[in-house]
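What follows is a single structure, written as structure tokens, with notes after it.
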Amino acid sequence: MSTQGLIGRDQELGVLAGLIDQVTDSGAAIVVLGDPGIGKSSLLRAAADHGRAVGLRVLAATGIEAEAHLPYAGLHHLLRPVLSAMNRLPATQGGALSTTFGMSDGPPPEPFMIALATLNLLTDVAAERPVLLVADDVQWLDQPAQDVLTFLARRLSSDPCVLIGAVRKGHDIAFAAAGLPELDLRRLDETCARDLLARHAAGLSYADTERILREAAGNPLALVELPLALRAAADAGMEAPRRPSR
Ligand SMILES: Nc1ncnc2c1ncn2[C@@H]1O[C@H](COP(=O)(O)OP(=O)(O)O)[C@@H](O)[C@H]1O
Ligand SMILES: [Mg+2]
């Protein structure tokens, strides 16, 4: 298992790799929760790499605020590589997906039929090769796609399919409140924070190091960006900006 240069996330990646490694025995779903910059996307990437390395088919989608109003855009993103398997579904279900994604004409299908068709499509595809679904920033996927993910997450236990969904803390969405197992990404401890800072900003003065460690409070993004801000400010001959409070 590779940690992809991630510092201090062995335990968390171990949890995700554990689910991935046992995918042929049972499916699973888990929600990765954390503040902005805490390392959700990085952890998901590492999990996806692990999934690929052990032979899973990885399907991924990322929520983007700009697409949040497009119904099923996120689902289309996720399923695009396996859409051809639609033909193997019962006609009503295949038709529901095909209409939803604008590949055939017809009245908008019932949301339940779309969710069911997605589940069966994934079950079918996963029977050939286990599947890892990776959904990042679920809070910014369109609502119908979030609903389908929640539906899937509660039903994957008997299929060789693992779903990992990351949600930014503070977003009160159904996917995060569906009673799924949660992996809470916490701030890095001081040793790891120092290690990250040393890797990204060797040569900082003692005072700057201590100041950045204090202000970043174990947030990896802040540990990466504050030294850059400090350097830019020094170059411009100004006082470094303080990290905005969240
Ligand atoms: N454990 C870690 N070790 C090293 N760098 C990290 C770690 N976690 C996050 N980073 C870095 O911090 C930044 C923010 O991480 P990211 O995964 O995008 O956070 P999030 O998705 O939670 O907003 C990225 O530059 C990433 O490379
Ligand atoms: Mg992210």
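Nothing in this text is a laboratory measurement; each read-out follows from the coordinates by a stated rule. Note that the structure is predicted; figures quoted are calculated from it, not measured. In this analysis, Cβ positions are derived from the backbone assuming ideal geometry, glycine residues included, and neighbour counts consider all displayed protein chains.
Quick one: what do you get for region 151-245 if you divide its Cα Rg by 2.2 N^0.38 Å? Before the final figure, lay out each step's value.
Details: Rg = 19.0 Å, N = 95, 2.2 N^0.38 = 12.4 Å.
Normalised Cα radius of gyration, region 151-245: 1.53.
Run lengths n ≥ 4 of DSSP H only: what is the helix-derived mean residue ellipticity at 222 nm for the chain, with -39500 (n - 2.57) per run over all residues, to the nearest 500? List each step's numbers first, then the result.
Values: 9 runs with 110 residues, N = 246.
Calculated mean residue ellipticity at 222 nm is -14000 deg cm²/dmol.
Residues M113, M86, arranged from fewest to most other Cβ atoms within 10 angstrom of their Cβ, appear as M113, M86. Under Stokes-Einstein, with the Kirkwood radius over Cα pairs as Rh, the value for the chain at 37 °C and 0.692 mPa s is 168 µm²/s.
How do I7, I64 line up, fewest other C-beta atoms within 10 Å first?
Details: I7 20, I64 16.
Neighbour counts put them in this order, fewest first: I64, I7.
Think of the chain as having a plus end and a minus end, set by charges on the Cβ of Lys, Arg, Asp and Glu; of A202, T118, H50, A202 sits farthest toward the positive end of this dipole.
Rounded to the nearest 20, the size of the Cβ-charge dipole of region 190-236 about its Cα centre is 40 debye, with Lys and Arg at +1 and Asp and Glu at -1.
Ranking L141, N219, G237 by how far each Cα lies toward the positive end of the dipole of the chain (charges on Cβ) leaves G237 at the top.
Quick one: Kirkwood hydrodynamic radius for region 190-236, alpha-carbon pairs, angstrom, one decimal? After inverting the pairwise mean of 1/r, the radius is 10.3 Å. Counting charges near H200 (Lys, Arg +1; Asp, Glu -1) among other residues having Cβ under 14 Å from its Cβ returns a value of 0.
Would you work out the charge dipole size for region 10-184 about its Cα centre, treating the Cβ of every Lys and Arg as +1 and the Cβ of every Asp and Glu as -1, and quote it to the nearest 20 debye?
Details: 11 positive and 20 negative charges, 74 e Å.
For region 10-184, the charge dipole is close to 360 debye.
Ordering K40, K169 by the number of other Cβ atoms within 10 Å of each residue's own Cβ, fewest first, gives K169, K40. Ratio of Rg to Rh for region 1-77: 0.99 [Cα atoms; Kirkwood radius as inverse mean 1/r over pairs].
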